[in-house]
1. At q = 0.14, 0.15 Å⁻¹, what log₁₀ I(q)/I(0) does a Debye calculation on the Cα points of the chain give, no solvent, two decimals?
2. Count the net charge of all other residues whose Cβ sits under 11 Å from the Cβ of Leu81, scoring Lys and Arg as +1 and Asp and Glu as -1.
3. Would you pull out the residues with amide H under 5 Å of Phe197's amide H, same chain only if 5 or more places away, H placed 1.01 Å from N?
4. Would you mind classifying the stretch 193-322 by shape? Square roots of the alpha carbon gyration tensor eigenvalues, ordered a ≥ b ≥ c; an a/c under 1.5 is rounded, otherwise it is prolate if a/b is larger than b/c and oblate if not.
5. Report the Cα centroid-to-centroid distance between the stretch 234-272 and the stretch 52-123 in angstrom, as an integer.
6. With a sphere of radius 15 Å drawn around the Cβ of Ser190, what net charge do the other residues whose Cβ falls strictly inside it have (Lys, Arg +1; Asp, Glu -1)?
7. Just the number, please: carbon plus sulfur as a percent of the accessible area of the stretch 128-170, 1.4 Å probe, no ligands or DNA/RNA counted.
8. Would you mind giving the three semi-axes, in whole Å and largest first, of the ellipsoid equivalent to the stretch 39-161 according to its Cα gyration tensor?
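The values are calculated or read from the model by the stated rules, or taken from the named source; none is laboratory data. As the structure is a computational prediction, the values presented were derived from the model and not from experiment. Cβ: placed from backbone, ideal geometry, glycine included. Neighbour counts: every protein chain shown. Surface accessibility is based on the protein's heavy atoms, side chains included, excluding ligands, DNA and RNA. Shrake-Rupley method; radii C 1.70, N 1.55, O 1.52, S 1.80 Å.
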Amino acid sequence: MATFSPKHILYLTTLLLVTIVPQSKAALNANYYSQTCPQAEKIILQTVYNASIFDPKVPARLLRMFFHDCFIRGCDASLLLDSTAENQAEKDGPPNISIASFYVIDDAKAKLEAACPGVVSCADIVAIAARDVVTISGGPYWKVLKGRKDGRVSNASETVNLPAPVFNVSQLIQSFSKRGLGLKDLVALSGGHTIGFSHCSSFESRVKNFSLAHDIDPSLNAEFAQELRKKCPKPHNKNAGQFLDSTSSTFDNDYYKRLLESKGVFGSDQALAGDFRTRGIVESFAKDQRLFFKEFAASMIKLGNVGVIENGEVRLKCRVVN
């Protein structure tokens, strides 16, 4: 189970069919709710903290939720909308089927509606929750800019635009650049995998029948490859898989150290250590955790500003439009 330091709580309470998701022109503000809902961040933190104590998978799930939401239509909570008879929503797109813990956002929203009705957007809840799960897992704290509005459109077909675990660095760079994110953002945000978990379907091709010339991906440490093979016997449990670093409940820089040991679980992760454009950044983060934390926080703020809309709504329930 993940361990959470009380000081963090105390501190907080005081392929490509890529469409361009523009950087926001909407004005976000760290103090956006200071007058209209001053207790908003405290309510979200307590909800996220309690859920994480009950289920240690929650931090990685909520962080991934933020990434996957922002990468499609921008940070507009479109990922939270349920499918209807007329429309299949983002959450039911193939890359998002394994995203869970939506109930945590629902719980936080219900409490916020009781405290300050119609004020706090679902998009802001997701952004704040992503910061909180990083901090309570031992990672950095940053001031979340707020004032996002919730979108009304969500299409499963658009999830094809999410970066895939088989992407090479050129594909990753293109995907991130379409969202106004640079090389350092790419490597820093990939570090969110430090508290991640992958099902076999996302990495199995690297350790079985990789190519005509190689059964196993040659960029993968041979001993580690055998470990991964054992995790995914045929037929395997649908929940079988592998943590993306060796300290999966702690937000740290172990992810980068493992990439330098050729122990990246995803091909897209390992590619960062093998490409001259990104290897230097991987090495610097592996060497200096404080640097990684600083750059991760900066990149999360930058990601949180992607595609923010001004003409959306504040949903009363995050799963349905008003």
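1. For the requested q values the scattering log ratios are -1.10, -1.27.
2. Working: positive: Arg73, Lys91, Arg152, Arg315, Lys317, Arg319; negative: Asp69, Asp76, Asp82, Glu90, Asp92, Asp150.
Value of the local net charge: 0.
3. Here Leu244 satisfy the definition.
4. Numbers: a/c = 2.23, a/b = 1.39, b/c = 1.60.
Note, shape of the stretch 193-322 comes out oblate.
5. Result: 24 Å between the Cα centres.
6. Working: positive: Arg64, Arg179, Lys184, Lys257, Arg258, Lys263, Arg277, Arg279, Lys302; negative: Asp185, Asp245, Asp252, Asp254, Asp269, Asp275, Glu283, Glu295.
Residues close to Ser190 contribute a combined charge of +1.
7. On the way: 700 of 1260 Å².
So the carbon and sulfur contribution to the accessible surface is 55 percent.
8. Values: eigenvalues 102, 54, 35 Å².
Semi-axes from the Cα gyration tensor: 23, 16, 13 Å.
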